[in-house]
Amino acid sequence: MADAEIRAGVIGVGALGRHHARVWAAVPGARLVGVSDVDAARAAEVAVRHGARPYAGAEALLADVDVVSIAVPTVSHHAEARRAIELGKDVLLEKPMTATLAEADDLMALAAARGALLQVGHIERFNPATRVLLKAGQGARFVEVHRLGSFSPRSLDVDVILDLMIHDLDIVLALDGSEPVQIEAVGVPVLTSKVDIANARLKFASGLIANLTASRVSVEKVRKFRVFAPRTYVSADFTAREVQVYTLEAGEGGRPRIASERQAAPDQEPLRLQIEAFARACRDRSVPAVSGADGRKALALAHAILAKMAA
């Protein structure tokens, strides 16, 4: 695939999948061959818009592509991804990776056996703000996160931990690298039968404390991630795609002073960066930026939080 055009498809073109189709249609060196969806009219609409073909089913689509984005409801992630990987197709699988850890393990083992790449769609890893945060926030001792959004009928098959908080769990795990050793959590159903607003306080083996709040019933949209490290404070706004970094430095006469630096990249679309990174990995046969192992790690922590809430 190093020099050949990447033939891409999208399975599931609802709220997220239609954007995967849009980006694949514009990625250099790739061609959006087609899309499939349980809603044939929706598949036809998205396909026509991007000069692709609507397929009646995923099986027919998989026969004509090299790679697929899978953006179906979480309960179907394992079945759809397994079908693609069985055929040796490279897969970009929306988060959360799967509904269960056993399903995640199965996909990872199958991908290794088939020589297929599996990347999990933790899109915030490709937010320009995250890149700065992960570098500037090394040695973090405390993390405070708020991810709040208004109610939407999308992703109601999972709790807010698997819907929204898992983005930030993935980032905390990438930032720290150690294992969680203590979990305190509370969650409340508000508009659905599942948890709609949740708070988790995590302690890691490194000593890091992370306090995360996620809500899908907020009146305002907030995507803030704050990191406190020795001599450093980092404030990231994922919606604005900007970061403010404050560091304590030696000033004139040895007196301490606070230096600040703002970095912003509002025009860099995380989804485009994510799909371009996936396309490069497919060409190079390199480990994806967010591997199946990364996706499983975030999923395991999300399930541990859910178990603590249920205890």
Worksheet item: Which condition breaks for VAL195 when tested against (1) of a type in the set (A, V, I, L, M); (2) in a loop (DSSP other than H, G, I, E, B); (3) within 19 Å of the chain's Cα centre (by Cα); (4) crowded, with 21+ Cβ neighbours inside 10 Å?
Response: (3)
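Conditions tested, residue by residue: (1) assigned by TED's automatic domain parsing to the domain that holds GLY12; (2) over 24 Å from ALA236 (Cβ atoms); (3) crowded, with 19+ Cβ neighbours inside 10 Å; (4) not aliphatic (A, V, I, L, M).
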{"residue": "VAL132", "(1), (2), (3), (4)": "no, no, yes, no"}
{"residue": "ALA140", "(1), (2), (3), (4)": "no, no, yes, no"}
{"residue": "VAL160", "(1), (2), (3), (4)": "no, no, yes, no"}
{"residue": "VAL172", "(1), (2), (3), (4)": "no, no, yes, no"}
{"residue": "LEU175", "(1), (2), (3), (4)": "no, no, yes, no"}
{"residue": "PRO180", "(1), (2), (3), (4)": "no, no, yes, yes"}
{"residue": "VAL190", "(1), (2), (3), (4)": "no, yes, no, no"}
Practice prompt. With the condition kept exactly as written, say whether any residue in segment 205-219 is in contact with a helix residue (DSSP H, G or I) (Cβ under 7 Å, 6 or more places away or on another chain), in a loop (DSSP other than H, G, I, E, B) and basic (Lys, Arg).
Written response: yes
Item to complete: Inspect all residues belonging to segment 295-305 and state whether any of them is in contact with a His (Cβ under 9 Å, 6 or more places away or on another chain) and touching a residue at least 60 places away in the same chain (Cβ under 8 Å).
Response: yes
Worksheet entry | Flag for PHE225 being touching a residue at least 12 places away in the same chain (Cβ under 8 Å) and either outside the structural domain of GLY149 (by TED's automatic domain parsing) or in contact with a Gly (Cβ under 7 Å, 6 or more places away or on another chain) (or both) | no
Item to complete: Return the residue satisfying two criteria in turn: it lies in segment 237-271 and is closer than 22 Å to GLU144 by Cβ and part of a loop (DSSP other than H, G, I, E, B), and of such residues it is farthest from the chain's Cα centre (by Cα).
Response: ALA240
Discussion item. List the residue pairs whose Cβ atoms are under 6 Å apart, where the first residue sits in segment 13-34 and is closer than 13 Å to GLY51 by Cα and part of a helix (DSSP H, G or I), the second is modelled with pLDDT of 95 or more and basic (Lys, Arg), and the two are 6 or more positions apart or on different chains.
Written reply: VAL23/ARG272
Worksheet entry | Count of segment 40-56 residues which are touching a residue at least 12 places away in the same chain (Cβ under 8 Å), within 22 Å of PRO73 (Cα to Cα) and either out of contact with any helix residue (DSSP H, G or I) (no Cβ under 7 Å at 6 or more places or on another chain) or part of a loop (DSSP other than H, G, I, E, B) (or both) | 5
Worksheet item: On the given criteria, is ALA60 touching a strand residue (DSSP E or B) at 6+ places or on another chain (Cβ under 6 Å), touching a residue at least 24 places away in the same chain (Cβ under 8 Å) and assigned by TED's automatic domain parsing to the domain that holds MET108?
Response: no
Practice prompt. Output the residue which, of all residues in segment 100-155 that are part of a helix (DSSP H, G or I) and free of Cβ contacts under 8 Å to residues at least 24 places away in the same chain, is farthest from ILE275 (Cα to Cα).
Written response: ALA102
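The values are calculated or read from the model by the stated rules, or taken from the named source; none is laboratory data. Computed from a prediction, not measured in an experiment: that's the story for all the values here. Cβ: placed from backbone, ideal geometry, glycine included. Neighbour counts: every protein chain shown.
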